[in-house]
Every structure is written in C-alpha cells, then in structure tokens.
C-alpha cells in the first residue's frame, strides 16, 4: 500500500492558530508518531482494521489522540481509493444482515440483477451512514478496501432518479394503486402515468413501474406482465432468472447422439430402474441391487454422464455454470441444461441406451459399506417407476401396476433398503422431517388446492442409496487429494444451541450435550406422540447451520458423515458436474491436470454455486408464498388451527397445520393488551392481563388480510368466547428482534 506523504497529511489535518505554534509542533510530532504506528500495524496485520481495533491494539486513549486517529484513518482510506481508482466497481445491495447492514455484490453496468461475482461484501464502517435509507437492489459505485470491505463512493444517479419496481396493480377501496413486491418497501404508490392501459376488470395484475423523480410516492407503469397465471413470468423477471438458451447452443446439440460402448462397461443387461415423482422428466439416477450368496449386497448407482456432452460444448458448459442449478416451481422447471440433454440424451429413460458414470458398491449384511469403485458405463433402464408405485409394493398393496419383469428388481431394492436402514440407525443422522406443499391447478393455471405432500418410504429408499453414493464419491476424491465442491454442514453455533436450550427449558424439557445429531434425536424421540413434537422439530431445524459448498472437506453434521459431496444429480446441479470431472480424472489417472485447472478457482466456484442455490431457494419460496396468497385471498374471515412458530417485535408468527403455511399475527391485531417482548426464552407478555404467547403454543387464528403483492397473510387471535377490549395504540414497549432465515441442512 502506498501512503500519503507526511507533508500532505499535515496540510489536511493540522490547521492551528499562529499563537499556538509551539503547541502545533508538539502535536504534529505526536500525530507523526501515531501515523507511523498505524502504518506499521496495518502492514503487520495484512488488512485494514476498523477504528476500534486500531485503538485497542495501540492502546490509544484520550480525546485528542482519538481525533487524530480518526483523521489518519480517513486520510489513509481516501489515499487507498485514489491509488485503486482503476479498480472502482459497481455494487448492488442483495440483502441486509441481522444488524441491518447491507451485503453487496459486484455487478456489471447495465445488468439489472445477476452479478458477475457473487461473493458478498460488507460495507466499510465509515460508509454505513450512506445506507440508512437504502433498499435491496440499490446500485452504487465503490471500491474494495484492503480489509475486503467496500468503501462507498457515490450512488448510481440513474438508479436514484427512476428506480424500477416490481409489484402488483390492485384496487384499494375506490382507487387503483401499485403495491411493491419487495417486503422491505412498505409503501403503496399512486399511479401517475400508465393507468389508461390497465384493464380494471382483470385486476390484480403483476407489473413493473418506475418511481416518479419529483413524486416519491407516485409511479409510472412501465409494463404489465399479467394476472396470477403469469406469476412465474413475474418471478423470473423480478429475480432475473435465466430463460431460453442461446439458439447457437441449441443448434449445436441437434446432431448429438448417445455415445457408443467403446471403453465403457456394458451394463445393459442389468435390470436398472428409475424411481421418481409422477411429473419428473429429468431422470438423473437409475439403481440396481442384488443380494450375493454370502448375504452381502451389490448396489450400482448409475448417474447420467452429463460431462460427456459438456466436454464438446464449452459455451453450454459456461451457461450451465452460470445457471448453477435447475429451479423448480410447481409444474414448471427452469432447467440448468437444455431439454435436448435434460429430458432426452442425459435422462435415463426406459428401454433406451444411456451413458452413465456408475458407483459400484459392496455392502455387508449389516448395511456397512465394504468397498466401492467408479467407472463409465452404458445402461438400458428396464422401467420408469414412481414413488407411489414402489410405496404400494413396500406396503404390500395390490394394484401398484409394476410390470412383472421389474418386480424382482424392485424387491431387491426394497431388501437392500431394509439392510441400509440398520447402518442408518448406527450412523445416527439428524432425524428431521420437512413438509413439502403440493399445489393443484385448473386449466387456466389458477390454484385450486394446497395440501401437504405425503412422506413416503420409497423416497427414503432412493435417498439412502444416493447418500451412500455421494459418500463414496467424497471418500474417493479426498483420498486422491483433489479439490472439489464438498457439501459441508457445520454443527450449530454455541449461540444457537443456547437459544434452543432456553426454549426447551421453558417447556421443562431437559437437553444433554448437543454436539452430535444423536443429542437432537433423543429430544425428538422423547416427544413421540406429543403435540409439541412438530414445534420442537421446527426449532431444531432452525438451530442448524446452513449446508454450503466448500473446497475442503469439513464433514456433514446433519448426515453424521466425515466425507460428503454431491454426485448424483448432474442434470440439475453444476456442483455434481465438477465432482464427475474429478472422478473421471481419478479413473484416467490425470489428476495433476485437474488440480492445475481447479485448485485456484474452486473457492470462488463454491461461493458462486452456494449463492445460486440460495437464489433458487428464494425464488421457489417466493412462488409458493404467492400461490398460497392467491388461494387464501378468498378465505378472509376463516378460522384455522395454528401453532406459534416465532416471536418478534412485529408480532406472533404462526404456522397452519394442513397445509403447513406461515403467517403473522401483527402487534396491532393483539387488541386486548399491551404486549412486551421478553427473551430467555423469547415470548410476549401482556402488561395488564399477563397473558403469554410463546413458541409452540397452539392457537386458533382468523385470517384478516392477504397481501398478494408480497405473498403474506395476517391473522388475528380467535377467541369467540371473549369480548374484545378497545384497541390500545402505539405501545412504547415494542422491541424488534432480528429476523432469522430458515436454514437448509442437506
């Protein structure tokens, strides 16, 4: 780092009266000494610490010394920005952390959302004040400081003047207004221009608008996207999700065919089957199992050989990496790969030859893996089965419609599954259950029903085999010392475990050590058949860390495995593609070339793939929330059974039972008392009546309001036997707690 000369620092920071010239020399000497100490500290640390850390490390005390330190830091950072002026970049705010500080990513000019570099930066402490009124998607110019924080330079003036907003045109009493989809924007905008193009009989309508420069709460409608049947188009555009592939890429795939046998193993006579959901088209995996005479088992997990096709299509490979994964909406997929590959050449469809990368695994009679190997092969799937069909066979139900030639293969898989469950019990992964929603639509695409999707044994059958294959891949590549995107899941933080135990304490539930999954499982096991079980399971899930991709092996806490990566879904996850390439490098003995190509970039790739996975999850959740909102908009006034799933200064978060949907009882809807937010454990307590609301409590709630634009539902507590007291306004004791996101653990 090149620093400003002492002469320039003195000129900027030492403006003293002539009468105090003697004092000036003394102060300048002190300033010069402090400047040198700060320079040496920064050089030794290798990064630019904040003012508090510098003061602590150099033991700086007194008002004058701290003022000098503030001046020195400002001067040094300004000089750093000047020296790095060629590296100024454009940044976009992507979210705010629990302390309401912005997290930003570097973007290219003219790009509405998708960043080129998805690494998240925090902003420098000296820049925080610039973001007091900022929102997600705001754009600014900045530079990365040596401590890897971003220094604010100036706002993107074009963005300031006319900001594009996504939202819903709706009726508000007798007026037509524009409601933003962004939950952080609580405004409702008047429509200044563009209202003439609105067909009011079709409201509400998804649209984009721009804030009028001289009228902060007025907008000009830019484009009408459509009614609720155009929700997917709205989310895709709002999130800047990928759409069609380049025509050149699609054309280049037209002549692609399944590769010949060549050096691949010929497994076409083995009765492989695929087991997937009813609507699935991209069949990543096929499985085959056979009991050996010594009661051990052979399992072959055959995974679509996506890398074979990407090898000769570098442009497609680049686009697949930029997409990161397929995104699944109810009845609709945004694929990572073109349909020519995802639904055809790579899809392990029945009765056709397909190229695969196989994991050939030997398991003993106790379900423990004895050995494994990987190789390329050609298979010929004998049947395309659904989870429902296999579930019926597992339960001994007739009418499963599995053809006789596939029955033996299915029965072998069921037998192996029973064996693998023994090892699962010994391994002791987290036994958490998550609920997926199932949506029904009419011919126009409007939601007609929502239910909790059933949890099937047949899904667990496939999951156990995929987990085993993923484990084998991670062990092989770890032994080969290759850098890959491991799937890691760290144990919960001490803070989260403390909060979890405090909640348990409030229910008189004792908890032992929670350093392994078995500690959590024991708590859940003790609640079998108890009404609190689902609530404690939800708290347990919220306590967990988020699973991410990482370039070195850290193990997987949730699965209780020392090695884990993603290998089994290369059609829909690019991380699996990288793992396949690493496996081929080990098979061919060409690991040196692979290491040269990947070691330098893997951390960046892992960060990007983790971020793209989060983007997909957010989009999928946004779709579900809005589909539910449109369905429940016709149920205002209905009463539902619910459980308290969270408490904050905003109110009581509740979860309905079936379907498992979330909503809020806002503070203003708690009209019978002033409620005070208390911690350890978190709860609300009425100031006068002393009524308590805590997590896990069963309630009856009445639907009061549905926010279609933001996909939210507000409720009130339903107590028909009580007379509601006069509403109490603006209690001064409300305190807000930071919002917590639900983590993913697999």
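The values are calculated or read from the model by the stated rules, or taken from the named source; none is laboratory data. None of these values were measured; they are calculated from a predicted model. Positions of Cβ are backbone-derived with ideal geometry, glycine not excepted, and every protein chain shown enters the neighbour counts.
How do the strands (runs of 3 or more DSSP E) wholly within segment 434-516 filter down when requiring 1 or more residues that are closer than 21 Å to residue 537 by Cβ: which remain?
Answer list for segment 434-516: 437-441, 447-452.
Table: residues versus (1) buried (at least 20 other Cβ atoms within 10 Å of the Cβ); (2) more than 30 Å from residue 231 (Cα to Cα).
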residue: 331; (1), (2): no, no
residue: 381; (1), (2): yes, yes
residue: 415; (1), (2): no, yes
residue: 435; (1), (2): no, no
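All of 362, 378, 413 fail the test of being modelled with pLDDT of 95 or more, over 23 Å from residue 345 (Cα atoms) and either more than 33 Å from the chain's Cα centre (by Cα) or not assigned by TED's automatic domain parsing to the domain that holds residue 270 (or both), apart from 362.
I'd like to check something: does segment 660-672 contain any residue that is surrounded by 18 or more Cβ atoms within 10 Å (Cβ to Cβ), touching a strand residue (DSSP E or B) at 6+ places or on another chain (Cβ under 6 Å), at pLDDT below 95 and within 24 Å of residue 438 (Cα to Cα)? Yes: one or more hits.
The numbered conditions (1) over 30 Å from residue 462 (Cβ atoms); (2) without any contact (Cβ under 8 Å) to a residue 24 or more places away in the chain; (3) exposed (fewer than 13 other Cβ atoms within 10 Å of the Cβ); (4) in contact with a strand residue (DSSP E or B) (Cβ under 9 Å, 6 or more places away or on another chain) are all true for residue 226 except (3). Taking the conditions exactly as written (within 28 Å of the chain's Cα centre (by Cα), over 15 Å from residue 648 (Cα atoms) and in the same structural domain as residue 718 (by TED's automatic domain parsing)), does residue 699 satisfy them or not? Judged against the criteria, residue 699 is not a match.
Let's see how each residue does on (1) more than 26 Å from the chain's Cα centre (by Cα); (2) outside the structural domain of residue 536 (by TED's automatic domain parsing); (3) closer than 21 Å to residue 586 by Cβ; (4) without any contact (Cβ under 8 Å) to a residue 12 or more places away in the chain:
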{"residue": "450", "(1), (2), (3), (4)": "no, yes, no, no"}
{"residue": "454", "(1), (2), (3), (4)": "no, yes, no, yes"}
{"residue": "462", "(1), (2), (3), (4)": "no, yes, no, no"}
{"residue": "470", "(1), (2), (3), (4)": "no, yes, yes, no"}
{"residue": "480", "(1), (2), (3), (4)": "yes, yes, yes, no"}
{"residue": "498", "(1), (2), (3), (4)": "no, no, no, yes"}
{"residue": "502", "(1), (2), (3), (4)": "yes, no, no, no"}
{"residue": "510", "(1), (2), (3), (4)": "yes, no, no, yes"}
{"residue": "515", "(1), (2), (3), (4)": "no, no, no, no"}
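Condition check for residue 280 on (1) surrounded by fewer than 19 Cβ atoms within 10 Å (Cβ to Cβ); (2) assigned to a helix (DSSP H, G or I): one failure, at (2). Assessment of segment 242-264 against the conditions (in contact with a strand residue (DSSP E or B) (Cβ under 8 Å, 6 or more places away or on another chain), assigned to a helix (DSSP H, G or I) and buried (at least 18 other Cβ atoms within 10 Å of the Cβ)) yields no matching residue. Would you check if there is a residue in segment 389-409 being in contact with a helix residue (DSSP H, G or I) (Cβ under 7 Å, 6 or more places away or on another chain), without any contact (Cβ under 8 Å) to a residue 24 or more places away in the chain and not in a loop (DSSP other than H, G, I, E, B)? Taking every residue of segment 389-409 in turn, at least one turns out to be in contact with a helix residue (DSSP H, G or I) (Cβ under 7 Å, 6 or more places away or on another chain), without any contact (Cβ under 8 Å) to a residue 24 or more places away in the chain and not in a loop (DSSP other than H, G, I, E, B).
Of note, residue 585 satisfies the criterion of being in the same structural domain as residue 420 (by TED's automatic domain parsing) and over 26 Å from residue 432 (Cα atoms). Of the candidates 609, 578, the single residue that is under 30 Å from residue 276 (Cβ atoms), out of contact with any strand residue (DSSP E or B) (no Cβ under 8 Å at 6 or more places or on another chain) and part of a helix (DSSP H, G or I) is 578. Just one residue in the set 357, 362 is surrounded by fewer than 17 Cβ atoms within 10 Å (Cβ to Cβ) and touching a strand residue (DSSP E or B) at 6+ places or on another chain (Cβ under 6 Å); that residue is 362.
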